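To start, the structure itself, in structure tokens.
The values are calculated or read from the model by the stated rules, or taken from the named source; none is laboratory data. Predicted model only: the values in this text are computed from it and were never measured. Every residue, glycine among them, receives a Cβ derived from its backbone with ideal geometry; neighbour counts consider all protein chains shown. Protein only, heavy atoms only, side chains kept; ligands, DNA and RNA dropped before computing areas. Shrake-Rupley method; radii C 1.70, N 1.55, O 1.52, S 1.80 Å.
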Amino acid sequence: MESLKDVPRITESSDIGQQQSRVVTVEEWLQKWEVRHIGFHKEQGHPILRKYLDVLLNGRSGLRIFFPLCGKAIEMKWLADMGHYVVGVEVSERALKEFFTEQNLSYSEEPIPGISGAKVFKSVSGNISLYCCSIYDLSSTVLGRFDGIWDRGSLVAINPCDRECYANLMLSLMERSCCYLLVTVSYDSNKHKGPPFYVPDSEVKSLFGKFCEIKCVEKVDEFSQQQRAWGLDYFLEVMYLLTLKSVP
Ligand SMILES: C[S@@+](CC[C@H](N)C(=O)[O-])C[C@H]1O[C@@H](n2cnc3c(N)ncnc32)[C@H](O)[C@@H]1O
């Protein structure tokens, strides 16, 4: 892993001050998929999304829903089965192929014009499109805009130095009535460097507060053996609902 450029560096992220934060490369993420270090994947889907599905959908049907850094999240199948259109982005081709295989979905594969080496995998039914490339290669011109965003394991996975770029992309993908469910993690960042990276409340406000109403809707204790092994003594998942108050 040392050979994969995981050189620690100081980030400038507001609340984490001068704390050292690792920079995780795309190669490391690909490696995690190869060696099955994918403890983040929830085989039964995420209980918070089940609980707040009505908030995401808000009584609407036929929505376009975005899954940034989607992995092989099974929630994409749930939503497609409900008649919504799901778009995901994931750098690991292996993750995307595993998604279609494990969900028993046939798919086609096409290059993405203008993005060298990138592909889009489309379910034969047409309601799931998963882009295989870095999220930073995409824009609203390619992806369009969304009625809902499920961001779990995504903002917390990107390097803190890339948060502003990521947040601006997310804002550009929001339809006026978009419901953006954002899940962050909270823990003592002196004891673990991430990923997942600690994203303080103040950071969510500074990234999205100019254009979004931000409501913290749930804090869930997710402390388990894994977090104990990281040297932590608490670990929370914090979910926010972001809605646009003005157009970016
Ligand atoms: C913590 S996992 C979360 C996956 C999924 N959201 C879930 O909840 O299971 C983060 C995912 O982001 C992918 N990833 C990392 N950097 C990326 C990038 N720049 N563009 C697209 N995907 C990326 C990784 O391969 C990994 O599957």
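The chain: Rg/Rh from Cα coordinates, Kirkwood Rh? Write out the running numbers ahead of the final one.
Working: Rg = 17.4 Å, Rh = 18.6 Å.
Value, to two decimals: 0.94.
Looking only at segment 46-63, which residues have a backbone nitrogen under 18 Å from a spot 7 Å from the Cα of Phe40 in the C-beta direction?
46-49, by backbone N distance to the label point.
Which entries of Lys205/Lys245; Lys51/Lys219; Lys51/Lys205 have Cα-Cα distances beyond 21 Å here? Don't jump to the answer; show the numbers that get you there.
Details: Lys205/Lys245 13 Å; Lys51/Lys219 13 Å; Lys51/Lys205 24 Å.
In this structure, Lys51/Lys205 exceed 21 Å between Cα atoms.
Using the Cα centre as the reference, give the magnitude of the dipole from point charges on the C-beta atoms of the chain (Lys, Arg: +1; Asp, Glu: -1; all else neutral), rounded to the nearest 20 debye.
On the way: 28 positive and 32 negative charges, 69 e Å.
So the dipole magnitude of the chain works out to roughly 340 debye.
How far, in nm, would the chain grow between Arg228 and Ser172 when pulled straight, counting 0.36 nm per residue and subtracting the alpha carbon separation? Present the calculation step by step, with values, prior to reporting the outcome.
Working: separation 56, 0.36 × 56 = 20.16 nm, distance 3.75 nm.
Extra length from Arg228 to Ser172 when fully extended: 16.4 nm.
Only bridges with both residues in the chain count here: give the DSSP antiparallel percent, nearest 5.
Rounded to the nearest five, the antiparallel share is 60 percent.
Applying a 10 Å radius around every beta-carbon, put 26-35, 65-74 in order of their mean neighbour count, most first. Could you put the intermediate results ahead of the total?
Values: 26-35: 15.5, 65-74: 23.9.
Result, highest mean first: 65-74, 26-35.
Per residue, how many Å² of accessible area does the chain show with a 1.4 Å probe?
47
How much of the accessible area of the chain, probe 1.4 Å, is carbon plus sulfur, in whole percent? Write down the numbers at each step before the final one.
Values: 5690 of 11640 Å².
Exposed carbon and sulfur together represent 49 percent of the surface.
Can you list the lysines whose alpha carbon sits under 16 Å from that of Lys193, skipping same-chain ones fewer than 8 residues off?
By straight Cα distance, Lys193 reaches Lys5.
When ranked by the protection proxy of mean other Cβ atoms within 10 Å per residue, highest first, what sequence do the peptides 148-157, 116-125 form?
Highest to lowest by the protection proxy: 148-157, 116-125.
Given a cut-off of 21 Å, name the pairs among Lys72/Lys119; Lys72/Lys210; Lys32/Lys122; Lys77/Lys97 whose C-alpha atoms lie farther apart than that in the structure shown. Write down the numbers at each step before the final one.
Working: Lys72/Lys119 16 Å; Lys72/Lys210 32 Å; Lys32/Lys122 24 Å; Lys77/Lys97 14 Å.
Listed pairs above 21 Å: Lys72/Lys210; Lys32/Lys122.
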